[in-house]
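Each remark here refers to the structure printed beneath this line.
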Amino acid sequence: MISANLSAVFYLISGVLFILALRGLSSPETSRQGNFFGILGMIIAITVTFFSIGNFSTGFVFVVIFLLAGGLVGAFIAYKIPMTAMPELVAGFHSLVGLAAVFVAISAFLNPDAFNLGTPGNIKLGSLIEMSIGAAVGAITFSGSIIAFLKLQGIMSGSPITFKGQHPLNVIILTSIFVLIYLLCKSQSSNIFWILLVVSFLIGFLLIIPIGGADMPVVISMLNSYSGWAAAGIGFTLENTALIITGALVGSSGAILSYIMCKGMNRSFFNVILGGFGGTDQLGAKKNTEQRPVKSGNADDAAFLMKNASSVIIVPGYGMAVAQAQHALREMVDTLKKNDIKVSYAIHPVAGRMPGHMNVLLAEANVPYDEVFELEEINNDFANADVAFVIGANDVTNPVAKTDPQSPIYGMPVLDVEKCKSVLFVKRSLSPGYAGIDNDLFYKENTLMLFADAKKMTEDITKNL
Amino acid sequence: MEIDPFIFRLSIFILSIFVGYYVVWSVTPSLHTPLMSVTNAISSVIIVGAIIASLSGNSSSIFNESSIFGFLAISLAAINIFGGFLVTQRMLAMYKKKKGKK
């Protein structure tokens with residue numbers, strides 16, 4: 001048994017180590033060390049908890065058993081998961097943090113003595129508020145992440161699910177959460193506590209179903225943020241510094257990522273949350289107005305264009321992840337490089353289904369990270385490049401965002417792909433992208449459409465090079 | 001008059017939000033996915049609360065209605081801790097510089 005002061009110092013140390021863990025991610029070189037700091041912080045926090053309780057009886061054995069059981073499952077998942085499934089994995093992990101927060105809150109509510117919070121039915125007011133906020137946010141994180149997971153996994157349709165009166169209903173439910181917390185503080189009734197949890201689960205579910213697949217980067221970041229706030233709420237309840245620091249870090253991290261993602265789509269956060277991108281009226285107006293001619297080609301044509309180029313910029317998108325084309329792409333690039341062609345990659349902030357999704361896939365395929373550039377870094381280079389190879393991206397290359405104020409994506413930062421001498425666009429069909437609008441790029445003079453599966457087309461091009 | 005300890009915790013919380021704000025802005029965008037998985041792992045430090053909850057029972061009844069939730073939370077958080085850190089490790093190991101090419 002160690003004193004409360006000493007354990008508080010250790011919790012502070014582990015909080016600082018978590019800050020260093022995030023700090024390490026400022027560059028790939030320091031990132032591995034950062035991850036090590038994170039692990040160290042976690043080990044310190046857990047060990048200190050054991051010593052401060054000082055109870056190494058049968059209960060302790062069970063704790064270790066449950067810990068190792070969960071740990072084995074986690075380790076197994078971490079080694080088995082393909083990199084393309086990273087968004088689903090992260091959504092799934094968020095749901096677990098949320099549920100764990102709920103469970104801890106329930107336990108604290110049922111047995112407040114163990115946490116020094118008072119007695120059942122007579123819990124300190126401050127603690128009760130903190131724990132109900134932690135529980136409510138945790139429940140929202142849980143059910144929201146489950147929906148995000150199902151949508152990303154394709155079990156649930158990625159298209160927005162909307163119904164009449166959705167927004168008023170959500171507002172009513174959100175308000176009722178505050179009312180319930182108020183009532184809970186007045187009455188300390190466990191019934192109200194359970195109702196609060198059920199209502200929070202419900203609102204998490206309702207908040208995420210109207211949000212479509214391509215908005216998932218925002219949703220995942222937002223849920224990341226929520227999981228942090230839930231942890232912080234529990235941290236206040238337990239008066240634990242490590243949890244408070246971590247909750248604040250994770251909360252602000254998720255919030256910043258959501259902000260970056262929203263900016264990448266030129267949409268306000270509320271606009272994304274309210275769901276349904278590119279209203280149906282827009283879709284109907286633009287559809288079938290004209291059949292414009294496109295130039296389509298095959299792998300041979302594409303190989304010919306690339307062989308004669310001196311610089312090529314690759315623009316990957318979600319389609320590359322779906323087709324698992326990253327390795328085939330890397331092989332193609334290797335062949336290009338052997339022919340002394342300069343190759344770089346251009347990543348739009350919202351390419352893929354989560355922040356940094358494309359970067360991870362390219363890293364998996366052994367693409368050196370110093371060949372991969374962000375939008376601002378590379379956008380001026382398109383004018384000097386010979387070939388842009390768009391693989392699985394669509395809306396993020398649409399010049400309409402710069403030219404047509406009527407378009408729903410007007411103002412969104414896009415990659416200036418059309419400035420290249422020629423554009424190769426790998427796509428399965430001419431269908432519009434997620435935003436439901438036609439891509440002007442398809443019909444440009446210098447665009448060659450390659451209608452095929454991204455992976456197969458890339459392999460065929462490599463053969464023809 | 002003495003200051004309520006809550007105020008100290010609130011101060012830590014607010015300052016940590018600012019630390020988080022500046023630290024996260026300095027994260028390179030190409031590492032945003034590892035950032036999410038590592039924040040996932042560290043937010044599972046909630047396991048601390050789960051351990052306290054699960055050891056709240058006395059020796060005659062290790063599993064009571066409150067500690068059961070603690071044990072469940074331990075497993076969930078442990079999945080996240082191991083899964084989160086290991087998958088981050090796996091991802092970070094893939095980021096290589098050009099010079100390292102064979």
Restricting attention to segment A:416-427, which residues are crowded, with 24+ Cβ neighbours inside 10 Å and part of a loop (DSSP other than H, G, I, E, B)? A:CYS420
Matching residues, segment A:141-198, being under 17 Å from the mean Cα position of the chain (by Cα) and crowded, with 21+ Cβ neighbours inside 10 Å: A:THR141, A:PHE142, A:SER143, A:GLY144, A:SER145, A:ILE146, A:ILE147, A:ALA148, A:PHE149, A:LYS151, A:LEU152
By my count, helices (runs of 4 or more DSSP H) wholly in segment B:1-92 with at least 1 residues that are within 30 Å of A:VAL350 (Cα to Cα) and free of Cβ contacts under 8 Å to residues at least 12 places away in the same chain are B:5-25, B:32-43, B:65-92
Among the listed residues B:VAL19, B:VAL23, B:VAL87, which satisfies the condition of being in contact with a Lys or Arg (Cβ under 7 Å, 6 or more places away or on another chain), within 7 Å of chain A (Cβ to nearest Cβ) and not charged (D, E, K, R)? B:VAL23
Hey, any hits in segment A:17-35 for a residue that's crowded, with 22+ Cβ neighbours inside 10 Å, free of Cβ contacts under 8 Å to residues at least 12 places away in the same chain and within 19 Å of B:ARG90 (Cα to Cα)? yes
State yes or no: is B:ILE42 within 20 Å of A:ALA248 (Cβ to Cβ) and facing chain A (nearest Cβ under 7 Å)? yes
Counting only residues that are crowded, with 24+ Cβ neighbours inside 10 Å and β-branched (Val, Ile, Thr), how many does segment A:388-408 have? 4
Counting only residues that are part of a loop (DSSP other than H, G, I, E, B) and of a type in the set (Val, Ile, Thr), how many does segment A:347-405 have? 2
Could you tell me whether any residue of segment A:119-140 is over 18 Å from A:ILE220 (Cα atoms), outside any helix (DSSP H, G or I) and either touching a Lys or Arg at 6+ places or on another chain (Cβ under 6 Å) or at pLDDT 95 or above (or both)? no
Filter pass, A:ASN122 being at the interface with chain B (Cβ under 7 Å from one of its Cβ atoms) and not aromatic (Phe, Trp, Tyr): no
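Could you tell me which residue of segment A:22-40 is nearest to A:ALA8 (Cα to Cα), considering only residues that are among the small types (Gly, Ala, Ser) and either at the interface with another protein chain (Cβ under 7 Å from one of its Cβ atoms) or outside any helix (DSSP H, G or I) (or both)?
Taking the candidates together, the pick is A:GLY38.
Can you find, within segment A:36-74, the residue that is surrounded by the most Cβ atoms within 10 Å (Cβ to Cβ) among those that are more than 26 Å from A:ILE244 (Cα to Cα) and not β-branched (Val, Ile, Thr)?
That would be A:GLY59.
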Counted residues in segment A:151-210 being assigned to a helix (DSSP H, G or I), among the β-branched types (Val, Ile, Thr) and over 18 Å from A:VAL137 (Cβ atoms) come to 1
Of everything in segment B:1-28, what is closer than 20 Å to A:GLY228 by Cβ and not hydrophobic (A, V, I, L, M, F, W, C)? Give them in sequence order. B:ARG9, B:SER11, B:SER16, B:GLY20, B:TYR21, B:TYR22, B:SER26
Determine if segment A:164-178 includes at least one residue that is farther than 30 Å from A:MET83 by Cα, in contact (Cβ under 8 Å) with a residue 60 or more places away in the chain and touching a Phe, Trp or Tyr at 6+ places or on another chain (Cβ under 6 Å). no
Give segment A:41-78 a look and list any residue that's hydroxyl-bearing (Ser, Thr, Tyr), assigned to a helix (DSSP H, G or I) and facing another protein chain (nearest Cβ under 7 Å), or say none. A:THR49, A:THR58
Within segment A:412-434, can one find any residue that is more than 17 Å from A:GLY264 (Cα to Cα), at pLDDT below 85, touching a Pro at 6+ places or on another chain (Cβ under 6 Å) and of a type outside the set (A, V, I, L, M, F, W, C)? no
Considering only residues that are more than 13 Å from B:ILE74 (Cα to Cα) and among the aliphatic types (A, V, I, L, M), which ones fall in segment A:41-60? A:MET42, A:ILE43, A:ILE44, A:ALA45, A:VAL48, A:ILE53
Those residues that are surrounded by 22 or more Cβ atoms within 10 Å (Cβ to Cβ) and not in a helix (DSSP H, G or I), I need them from segment A:312-342; list them, please. A:VAL312, A:ILE313, A:ILE314, A:VAL315, A:PRO316, A:GLY317, A:ALA325
Does A:PHE277 count as among the aromatic types (Phe, Trp, Tyr), modelled with pLDDT under 90 and within 30 Å of A:LEU20 (Cα to Cα)? no
Against the conditions (1) at pLDDT below 90; (2) surrounded by fewer than 20 Cβ atoms within 10 Å (Cβ to Cβ), where does A:ASN111 fall short? Just the number, please. (2)
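The values are calculated or read from the model by the stated rules, or taken from the named source; none is laboratory data. Worth saying up front: this structure is predicted, and the values here are computed from it rather than measured. When we count neighbours, we look across all protein chains shown, and the Cβ atoms used for this are built from the backbone with ideal geometry, even at glycine.
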